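Peer 1: Just passing along the structure, written as structure tokens.
The values are calculated or read from the model by the stated rules, or taken from the named source; none is laboratory data. All figures in this text were calculated on a predicted structure; none of them were measured in a lab. Here the Cβ positions follow ideal geometry from the backbone for every residue, glycine too, while neighbour counts run over all protein chains shown. Calculation scope for accessible area: heavy atoms of the full protein, side chains included, ligands and nucleic acids excluded. Shrake-Rupley method; radii C 1.70, N 1.55, O 1.52, S 1.80 Å.
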Amino acid sequence: MKESMILAILVFYPFLGALLVWLVGRKREIIRDYLADFVVISEFAITLALFVQNTNNGRVLASYDWVIPEICGFGLHFTMEGFRLVYGMIAAFMWMMTTVLSREYFIHHENRNRFYLFLLLTLGATMGVFLSADLYTTFIFFEIMSFTSYVWVAQEENEVSLRAAATYLAVAIIGGLVMLMGIFLLYHELGTLQMDELLYAAEIYDNKPLLYAAGACLLVGFGAKAGAFPLHIWLPKAHPVAPAPASALLSGILTKTGIFGMLVVSCNLFWHDTKWGKLILALGVLTMFGGAALAVFSIDLKRTLACSSMSQIGFIMVGIGMQGLLGEENAMAVHGTFLHMINHSLIKLVLFMAAGVIFMNAHALDLNEIRGFGCKKPLLKVIFLIGALAIGGIPLFGGYISKTLLHESIVEFGGGSVMKAIEVIFLFSGGLTIAYMTKLFVAVFVEKNADEGRQKKFDEMKKYMNVESGFALTASALVLLVWGLFPHTIMDKVARLGEEFMNFLSHGSSEHVVAYFSLENLKGALISIVIGTLVYGVIIRKCLLRKGAYVDAWPKWLDLENLLYRPLLLVFLPFVCGVVCRIFDSIVDIIAVVLRKSFYRDSRLPHERTEGNTLTDAIGHLLNFFQKLRNHTWGRKNPTHKNFVHMAASASEELQENTMIIQRSLSFGLLMFGIGLMLTLIYIIWW
């Protein structure tokens, strides 16, 4: 099979499958469901076959490249190496599992056909992003992905979901426009958007401030999709209202497209750039800690997982920042960044699908309402526990390996009190992760519901998910479990596949085997476990659990969307722009008046008429002559004294006005006729 055919299938096959699934779904829903399963399973089978065929011991044996010329002038350019191959396979795997779960999840929902359509369209767009070889192609599929995934958030079409979808779309559009500005600036200055050419072009470019400006624009666009602070506002709102299969993909994969873009910028434009590394590190620390703090206070299951996603994105950004600071000795940061991306994707797949099963049966997400749901559901309990332990960074699970690498990269850099503070925040954020995941597990799977009748109903639910859903959750949890149990056999080899994409120069260090379970490396995890235990026991059990009920003590006014962005974009900016426009409008009026009163002052012409025209003037003077003749002859007894010049001018002006009214009426009638004809055509075409 030709290279171009392979990449074409991976990118455009889901688009064609989406249209076919939608057409079939209008007539036969059952066939549609199985057809959607076939599309995503075959997509995963292709990526898996490529992975097995083209990788060996952490090295890529063959890469692929494909160009579609003359698309909007630039063309579309796709490629595949180790990093892209791994994430293409992960994306296909997650789509396969969530699509299988969707059949049972949406069984009582409306607009299922629409959901499947946009589910597969987003798969194609996401593949397009991960396989893109230049920033123009990335941008095209990035925007397609934003618009198609918007439908996921708005799926339920209620007030809350529509508002969250509007926030999601606003952040995506604004971020995309700013990103486009950066792409234009970058192409103007460097003359290329090819990712494999950016590194050399940036090294020989001497106007660094302008390059930073372009990078900042790109960072806004990619950071908005990743959910990085302060552009994270969509994330805690979109996940709770979106269907659980969509939430798993929003959190596990779509945020990684933003990280993909950050890596392109950081590892090419600002390769080993200390200033850029410090910026990404600072944003990563804020995102990491802020998301964890929000999750501790949240009492909504999916919102907690959403805030957790924000925090884990922060951990990944810390790794990207450390790559810039460590320079060529950044092996642990490179491997830790890539592995934590994979870990987070697999973990959120498990946790959000488990949350979906809970919502399918309990029809609620509030911890006080779903409390005790899983007490007598051992399979779901084990599945959720695997995800919780992995994201908490507990030894023998995947999250421990990637967090250990990230932590050791901070320790390796040293750097004095600032880096010590960052290390403390890193470990403390890991402790917060353990605390809020313990809160979720205990509430759902250990404690009893305050309503005995509700608890009895939960306990009597024996068939709370069908065979297909059970397979999706169990298989995903097993993959996550096996992945973490063999760090040297599996994880280290996969980590090396991402080195080329991140321009890592090994110098032989990539073959160094990290002793993950040495006392020195276990110490960081143990510190986080102790912190998590204390936060759960003191903060959550003593302060956030009142009278047997979980309370959300986070101040409502700290919502950045309502506190800052909406007032800024909807009130302040329109007011400022209005004032500025009025000032400029007034300046123009003042200048016009001054010119009319000075240089361009009106002056009467020597023979300028005060009214009328030549014809009315002639007729008026002729009638005045006849009037004068009459007054001196036959009308001497009853003379008249009318000004026929004025009367003729007035009659002429009235005639002109009536003619204009008729013309305007005719134009209005033609306009209304045109509008009516257009509406008629739309009605005929649509219905």
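Peer 1: Arrange the residues 102, 417, 652 by how much accessible surface each exposes, largest first, with a 1.4 angstrom probe.
Peer 2: Sorted by accessible area, descending: 417, 652, 102.
Peer 1: Taking the Cβ of residue 267 as the centre, find all other residues whose Cβ is under 12 Å away and add up their charges (Lys, Arg: +1; Asp, Glu: -1).
Peer 2: Every neighbour counted, the sum reads -4.
Peer 1: How do 442, 39 stack up against each other in accessible area, from largest to smallest, with a 1.4 angstrom probe?
Peer 2: My answer, sorted largest first, is 442, 39.
Peer 1: Could you compute how much accessible surface residue 147 exposes when probed at 1.4 Å, giving the result in Å² to the nearest 10?
Peer 2: Around 100 Å² of this residue is reachable by solvent.
Peer 1: Same structure, new question: Could you work out the mean projected area of the convex hull around the alpha carbons of the stretch 36-118, in square nanometres to one decimal?
Peer 2: 7.3 nm²
Peer 1: Accessible area of residue 488, 1.4 Å probe, to the nearest 10 Å²?
Peer 2: 80 Å²
Peer 1: Considering only protein heavy atoms and a probe of 1.4 Å, how much of the accessible area of the chain is carbon and sulfur, as a whole percent?
Peer 2: For the chain, the apolar C and S fraction of the accessible surface comes to 68 percent.
Peer 1: Once the dipole of the chain is set up with Lys and Arg at +1 and Asp and Glu at -1 on Cβ about the Cα centre, which of 252, 200, 152 lies farthest towards its positive end?
Peer 2: 152
Peer 1: Still on this structure: Can you list, largest first and rounded to whole Å, the semi-axes you get for the stretch 201-335 by taking the square root of 5 times each eigenvalue of its Cα gyration tensor?
Peer 2: Equivalent ellipsoid of the stretch 201-335: 29, 14, 12 Å, largest first.
Peer 1: Further, regarding this structure: Net charge near residue 524: determine it from the other residues with C-beta under 15 Å of the C-beta of residue 524, scoring Lys and Arg +1 and Asp and Glu -1.
Peer 2: Local net charge: -1.
Peer 1: Okay, next question. Ignoring the sites themselves, what is the longest stretch of the chain with no trypsin sites (Lys or Arg not before Pro) in a DSSP loop and at most 11 other beta-carbon atoms within 10 Å?
Peer 2: 29-461
Peer 1: Given an 8 Å cut-off on Cα distances and at least 6 residues of separation, report the relative contact order of the chain as a percent.
Peer 2: Rounded, it is 11 percent for the chain.
Peer 1: Still on this structure: Mind checking the stretch 133-209 for GluC sites (Glu not before Pro) that DSSP puts in a loop (not H, G, I, E or B) and that have at most 10 other Cβ atoms within 10 Å?
Peer 2: 157
Peer 1: As a test of reading the structure, rank 332, 80 by solvent-accessible area (1.4 Å probe, protein chains only), most first.
Peer 2: Solvent-accessible surface, decreasing: 332, 80.
Peer 1: So, counting K/R as plus one and D/E as minus one, what does the shell of residues with Cβ under 14 Å around residue 209 add up to?
Peer 2: Taking every other residue near residue 209 into account, the sum is -1.
Peer 1: What spacing in nm lies between the two simple spin-label points modelled at residue 67 and residue 12, each 7 Å away from Cα in the Cβ direction?
Peer 2: With each label point 7 Å from Cα toward Cβ, the separation is 1.7 nm.
Peer 1: So, one more: Work out, step by step, the length gained on full extension between residue 513 and residue 551: first 0.36 nm times the residue separation, then minus their alpha carbon distance; give nm to one decimal.
Peer 2: Here the segment from residue 513 to residue 551 would lengthen by 9.1 nm.
Peer 1: Beyond 34 Å, what share of the Cα-Cα pairs of the chain is found? Please give it as a whole percent.
Peer 2: Tail fraction, whole percent: 53.
Peer 1: OK, next. Leaving out ligands, DNA and RNA but keeping every protein chain, what accessible area does residue 66 have, in Å² rounded to the nearest 10, with a 1.4 Å probe?
Peer 2: Here the residue's solvent-accessible area equals roughly 50 Å².
Peer 1: While we're looking at this one, here's another question. Ignoring ligands, DNA and RNA, what accessible area per residue does the chain give at 1.4 Å, in Å²?
Peer 2: Here the per-residue accessible area is 47 Å².
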